[in-house]
Amino acid sequence: MELKEKIAGNEPFPGIVHDTPGGGIVVSTFDSIINWARSNSLWPLSFATSCCGIEMMSTASAKYDFSRFGFEVARASPRQADVIIIAGTIVNKMAPVLKRLYDQMADPKYVIAMGACAISGGPFFYNTYSVVKGADHIIPVDVYIPGCPPRPEALLHSLISLQEKIKLGMTREQIRGEFKG
Amino acid sequence: MTNEEIKEYITTLAPAATFDETGEWLNIMVTAEELKPLMLALRNGKMQMNYLFCLTCVDFKTHLTMVYHLSATSHRQSIVIKANLNLEQPVIETVCDIWRTAEFLEREVFEMFGVHFTNHPDLRKLILEDDFKGYPLRKDFEDPINMIKL
Amino acid sequence: MYNQTEIIKDTSELGADGELVINMGPQHPATHGVLHLVVTLNGETIKKIEPHLGYIHRSIEKMCESLTYRQFIYVTSRMDYLSSHINNLGCALLVEKGMQIEVPDRAKYVRVILSELTRIASHELWLGAMAMDLGAFTPFFYAFREREMITDIMEDTCGARLTMNYIVPGGLMYDLHPDFQKKVKAFITQFKSKVTEYEDLVTNNVIFQSRTKGVGILSAEDAISYGCTGPVARASGVSCDIRKIYPYEVYDKVQFDEVLETAGDSFARYMVRVKEMNQSIRIIEQLIDNIPEGDFVGKTKNVLKLPKGEFYTRVETARGEFGVYVVSEGGTTPHRIKFRSPGFSNLSVLNHISVGSKIGDLMASMGTLDLVIPDIDR
């Protein structure tokens, strides 16, 4: 698929280096440099409602460190965060709060839905009167991680996929169009 | 105290009580009006039941039943007190002034079943949204979108 | 919808001494989950705290009325996810009591070992999170190092790291992994060598002690009246360990002490949990070499039906007494199920212990109450 080749053929640093006496000159486009910088320093918002939050904390701790990918500082305030990782079930009472947090984040912002509850309501799908069946009824989601709860390696894989998606530089509709055709 | 002694003691306090010993603990069924004096006597009298560990309500389709599980830290014996309420107007006296744990537990029973507790200091919804309609844990709760009828 | 005007109440309610109402909102970084506290302050002194719950209310009790007796156990793993084995054990004990199922000895020993490992893992995470609330980042990483060893053991035997579904009515789902005993013994050796590290880092730290001593004092009568159980009540001198009073499985065959303190403040609650971890290690050491051979599950029918009546079982989780109350009409699904969660009663004490203290002390009190919000909201 053309998209996958575009990603796989990515050079580690966007740009071509020309060796000239006295140093080197890097030639690139602004877009690729900006996308590369953005993807390597995404700061997550600490938003954990239930069990998946513990796996997110495990990913933050020393064994499966996610700060080596740039997610070092987990900000408490949405005004300073880039990524919101929805870890846990969203219920009817929490939905307006989630929407408000998303609105308070500054562009460009990304959303990761972690766990079966955030994708589709998960184990609480049938016969519950208060669970929102999927966080994408409230806010648009970029990456979905299946699992109940997903392993820390799955969360790391999703963070890397998000980074690749940002480096592509395409909008959500363009990506959807590519995969359909 | 053996079950016989407890039964005699309870009958002196609440003459119309009925007993049921099929389960693990002695179950005592009283009317809603007799409940509060009985609870006061159990807490302050010779049995000294100072630990209320479970307060809930069960919907039996024709009536509601309030269930109180009591125990004591001195002798570790447990008894169960029940009271029947009718479905249209379930009203019962609160036990908050005897055991402080009942404040939150009764608020939860109020929002899930619709039982009104008189003299409760702060009776309003605790867990559900403020504009939620209906009483979810009743058997006649209708929610055609989410509930699959069995 | 979320009203903007809820943040500060009407100005007509501001008293002459300038009360301020703030929200410690549902999303806050003190990693306890979604708890909304409406705090009324006068300067920095707290006048009233009102918890607003329900931000993770997943209607579990209603949902369980349509699940069979084998299916409803997985839901309790997700209620108090830090003591998932112990919650599952409580439900399995209830079904076994109701249907008179025999559990083989091998299963009993392994269930108790897994419960104690879960208790240690829960207390480790509590230690790391509480120290982080008070501003110390390092204990968080040290605590997770031990916790990762325990989740490794769980993953080999049970298949999952956090929400294991291994304890079933009748015994266990599969037999043990062959490396189980070796890994548990390696964990015990590692844990014992690191206990002095925690003492030096946290317990003997002057700042930690002055932030937790004398803060959030709870007397014994109040603890009983508010229905508190677990380490919260034991720190006030109330003896309430279910493993000692109403022993289940093989707890009557092992030697361990019930840890009691009398001060009732946050430091006492902290010390109770740290000493409980040592007692759990003692229990595991007594059992790990003596696991009997045999079946790992007793004989059960395929379709479980509880007879008509009511049943109540209680177990001691890391937070307190977890009770399951089932009213059965003789079918394959329960007519009414009620989970008596320890966090619900422990939370009701928060207003009582914080009135009159400063807002900085609120974090120490809340941290030592060890609340897990999905357990409260169910």
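The values are calculated or read from the model by the stated rules, or taken from the named source; none is laboratory data. The structure presented is a predicted model; accordingly, all values stated were derived computationally and were not measured. Every residue, glycine as well, gets a Cβ built from its backbone with ideal geometry; the counts of neighbours run over all protein chains shown.
Please find, among C:Ala121, C:Ala160, C:Ala186, the residue that is surrounded by fewer than 16 Cβ atoms within 10 Å (Cβ to Cβ), in the same structural domain as C:Glu310 (by TED's automatic domain parsing), over 30 Å from C:Glu310 (Cα atoms) and of a type in the set (Gly, Ala, Ser).
Matching residue, one of C:Ala121, C:Ala160, C:Ala186: C:Ala186.
Given the conditions (1) touching a residue at least 60 places away in the same chain (Cβ under 8 Å); (2) within 30 Å of A:Thr128 (Cβ to Cβ), report the number of the one that C:Gly360 does not fulfil.
It is condition (2) that C:Gly360 fails.
Return yes or no: is C:Ala129 assigned to a helix (DSSP H, G or I), in the same structural domain as C:Gly320 (by TED's automatic domain parsing), buried (at least 22 other Cβ atoms within 10 Å of the Cβ) and out of contact with any Pro (no Cβ under 8 Å at 6 or more places or on another chain)?
no
If I filter the range A:150-166 for residues that are surrounded by fewer than 19 Cβ atoms within 10 Å (Cβ to Cβ), facing chain C (nearest Cβ under 10 Å) and at negative phi, do I get at least one hit?
yes
To keep it simple, each residue is scored yes or no on (1) crowded, with 19+ Cβ neighbours inside 10 Å; (2) within 10 Å of chain C (Cβ to nearest Cβ); (3) hydroxyl-bearing (Ser, Thr, Tyr).
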| site | (1), (2), (3) |
| --- | --- |
| B:Glu88 | no, no, no |
| B:Val91 | no, no, no |
| B:Trp99 | yes, yes, no |
| B:Leu105 | yes, yes, no |
| B:Glu111 | yes, yes, no |
| B:Asn119 | no, no, no |
| B:Asp122 | no, yes, no |
| B:Glu142 | no, no, no |
| B:Ile145 | no, no, no |
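Given the options C:Glu146, C:Glu116, name the one that is without any contact (Cβ under 8 Å) to a residue 60 or more places away in the chain, in contact with a helix residue (DSSP H, G or I) (Cβ under 9 Å, 6 or more places away or on another chain) and surrounded by 20 or more Cβ atoms within 10 Å (Cβ to Cβ).
After applying the criteria, what remains is C:Glu146.
Given the structure, is C:Gly216 away from chain B (no Cβ under 14 Å), touching a strand residue (DSSP E or B) at 6+ places or on another chain (Cβ under 6 Å), surrounded by 15 or more Cβ atoms within 10 Å (Cβ to Cβ) and at pLDDT below 90?
Considered against the rule, which asks whether it is away from chain B (no Cβ under 14 Å), touching a strand residue (DSSP E or B) at 6+ places or on another chain (Cβ under 6 Å), surrounded by 15 or more Cβ atoms within 10 Å (Cβ to Cβ) and at pLDDT below 90, C:Gly216 comes out as no.
A:Ala113: closer than 12 Å to A:Ile86 by Cβ and modelled with pLDDT under 90, yes or no?
no
Which residue pairs have Cβ atoms closer than 6 Å, lie 6 or more positions apart in sequence or on different chains, and pair a first residue in the range C:120-137 that is closer than 17 Å to C:Gly320 by Cα with a second residue that is of a type in the set (Val, Ile, Thr)?
Cβ pairs passing all conditions: C:Ala121/C:Ile150.
Of all residues in the range A:72-100, which are under 16 Å from C:Phe137 (Cβ atoms) and away from chain C (no Cβ under 11 Å)?
A:Glu72, A:Val73
Just for helices (runs of 4 or more DSSP H) wholly inside the range A:86-181: which have at least 3 residues that are in contact (Cβ under 8 Å) with a residue 60 or more places away in the chain?
It comes to A:152-168, A:172-180.
Can you tell me which of C:Asp222, C:Asp179 is in the same structural domain as C:Ser266 (by TED's automatic domain parsing), touching a residue at least 40 places away in the same chain (Cβ under 8 Å) and touching a helix residue (DSSP H, G or I) at 6+ places or on another chain (Cβ under 9 Å)?
Result: C:Asp222 is the single residue among C:Asp222, C:Asp179 that is in the same structural domain as C:Ser266 (by TED's automatic domain parsing), touching a residue at least 40 places away in the same chain (Cβ under 8 Å) and touching a helix residue (DSSP H, G or I) at 6+ places or on another chain (Cβ under 9 Å).
Identify, please: which residue in the range C:226-250 is in a helix (DSSP H, G or I) and β-branched (Val, Ile, Thr) and is, among those, farthest from C:Ser345 (Cα to Cα)?
Step by step, filter the range C:226-250, then rank; the result is C:Ile245.
Would you check if there is a residue in the range C:72-83 being crowded, with 20+ Cβ neighbours inside 10 Å, at pLDDT 90 or above and more than 10 Å from chain A (Cβ to nearest Cβ)?
No, there is no match, as no residue in the range C:72-83 is crowded, with 20+ Cβ neighbours inside 10 Å, at pLDDT 90 or above and more than 10 Å from chain A (Cβ to nearest Cβ).
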